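Report on the structure given below.
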Amino acid sequence: MTTFKDFSSCVAQYDPEALPVSAAQAIVRQWASPVAAVERVPLHDALDRVLAGDVVSPTNVPAHDNSAMDGYAFDGTSLVSQQTGIELRVAGKALAGHPFGRAVSAGECVRVMTGALMPDGCDTVVPQELVTREGDTIRFPGDTLKRGANRRRAGEDLTQGQPALHAGRILRPSDLGLLASLGVGEVAVRRRLRVAFFSTGDELRSLGEPLDPGCVYDSNRHTLFAMLRRMNLDALDLGVVRDEPAALEAALRSAAASADVVLTSGGVSVGEADLTKQLLRTFGDVAFWSLAMRPGRPLAFGRVWSGERPGVGQPALFFGLPGNPVAVMVTFYQIVRAVLLVMSGASVQAPPAITATSTQAIRKRAGRTEFQRGTAARNERGQWQVTPTGSQGSGVLSSMSEANCFIVLAHEQADIDAGDTVDIMLFDGLI
Ligand code: AMP
Ligand code: MG
């Protein structure tokens, strides 16, 4: 069996104790393969699901040339032959869904409403505002229009036989509308990725339990649940697991049996009760333990199995996230999210990069990537400015709630002065 460690050690800058973020991202992506199973779902259940194959347009949309305006449809060749006033006789009308029904003859026009089928023999629409009408006769200046004006062409939106949406697309509201415009009521999507998660720590209490001295409520399970739910994944909450080797092993094995990916929080740093780490050394296959990243330094990545030893039973990818609540969120978004997308079959796009001027000096040590929490806004000149939120402690979850972006300080970056340019990653669209 090729182990993660064998493989990962080929990656440039491989240092399992303090791996640069970019190297960690490269390693985890290598191990992510998309779920194969596909299911067909009705359109309304397809929102936020991952399209399994290209959807090829079975028709032209629109299916026929139609009017883009309320006005009068006519044969535009008369514009070429006659530069000045044009006079036409109104032969009838066409509304959306009610075609005119015959070809127009020379000197005729048809009253049309937006969306009405272009009558045979017509290729141009004069908007009603340009026309003077007396009885059944309209007049308008011929030099105000070009032939073909105000006509929507068949296939202008989607052409028959062309892919309207590509495999890997996470379906958005506009896509549901687009599929409906093709007459498609059901689509093939990848099955949802199953992600099991649990929290570790003897100090953790679940909601509704009394808070004994020295204990804290388990918040990580709830942020993890919400982050997974936002990605429309199948989230399996396995509760709180005590810092006991047997309990942890049992939890990891049952998680591997039921999920594609297992996320835990806590127990991966160097404290005495950091059992997840010890357990995985004998029981799993681990690519790295620790990242050159802040927050989120202790982060384990590898594989676990449902059987009694590595390689036996059902495998699952494993992320041992740190215990600190902010570190859980930062590692999830910076390391885990892209893997979950790839495994879901989605084509991954990096969130748009924006630069902003820092309103404050920021202390930063070279040699690790930092993801500080910030509040970004555009100033009166339209330029982005960002201010770090108060406390940057990795346990201070309110800094995440208060912030609207990550301030991304690159690996080699040292201290920032007020007025320097920094990279930011807006939460909107990410979180
Ligand atoms: P650990 O990595 O297990 O040493 O945990 C680091 C810190 O995060 C400790 O202060 C823990 O109490 C805290 N912590 C760990 N897990 C959770 C959790 N699920 N919810 C809230 N805080 C946690
Ligand atoms: Mg702990």
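Computed values, structure above
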| quantity | calculated |
| --- | --- |
| Residue among Thr223, Thr282, Thr77 with the largest mean-square fluctuation in a Gaussian network model of the chain, springs linking Cα atoms under 10 Å | Thr77 |
| Between segment 294-327 and segment 362-431, the alpha-carbon center distance in angstrom | 28 Å |
| Accessible-area value, Val90, 1.4 Å probe, nucleic acids and ligands omitted, Å² | 10 Å² |
| Cα-centre dipole for segment 66-152 with unit charges at Cβ (Lys and Arg positive, Asp and Glu negative), debye to 20 | 180 debye |
| Solvent exposure of the chain as accessible area per residue, Å², 1.4 Å probe | 47 Å² |
| Equivalent ellipsoid dimensions for segment 354-426 as semi-axes, Å, which come from the Cα gyration tensor, largest first | 18, 16, 10 |
| Compactness index (Cα Rg / 2.2 N^0.38 Å), the chain | 1.38 |
| Charge dipole (debye, nearest 20) of segment 110-216; +1 at Cβ of Lys and Arg, -1 at Cβ of Asp and Glu | 420 debye |
| The chain: most fluctuating residue of Arg309, Arg229, Arg147 per GNM, C-alpha cutoff 10 Å | Arg147 |
| Packing-based order for 320-326, 172-178, using average beta carbon neighbours within 10 Å, highest first | 320-326, 172-178 |
| Nearest-ten-degree value, helix 220-230 long axis tilted from longest Cα axis of the chain | 20 degrees |
| Descending principal axes extents, segment 188-254, alpha-carbon based, whole Å | 52, 25, 13 |
| The chain: angle of helix 245-258 to the longest principal axis, Cα-based, in degrees nearest 10 | 20 degrees |
| Solvent-accessible surface (1.4 angstrom probe) belonging to Val216, in square angstrom, nearest 10 | 70 Å² |
| Whole-Hz ³J(HN,Hα) from phi, Karplus 6.51 cos²θ - 1.76 cosθ + 1.60, for segment 58-64, glycine and proline x | x, 9, 7, 10, x, 6, 9 |
| Within a Gaussian network of the chain (alpha carbon springs, distance under 10 Å), most fluctuating of Asp202, Asp260, Asp136 | Asp136 |
| The chain, accessible surface, carbon-and-sulfur percent (1.4 angstrom probe) | 49 percent |
| Rounded to 10°, Cα long-axis angle of helix 21-30 versus longest principal axis of the chain | 80 degrees |
| Among Thr84, Gly323, Gln385 - extreme Cα towards positive end, dipole of the chain, charges at beta-carbon | Thr84 |
| Dipole magnitude of the chain, debye to nearest 20 (Cβ charges: Lys/Arg +1, Asp/Glu -1, about Cα centre) | 400 debye |
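The values are calculated or read from the model by the stated rules, or taken from the named source; none is laboratory data. Treat the numbers as computed from the prediction; the structure is a model and nothing was measured. In this analysis, Cβ positions are derived from the backbone assuming ideal geometry, glycine residues included, and neighbour counts consider all displayed protein chains. For the accessible areas, the whole protein counts, side chains as well, though only heavy atoms, and no ligand, DNA or RNA atoms are used. Shrake-Rupley method; radii C 1.70, N 1.55, O 1.52, S 1.80 Å.
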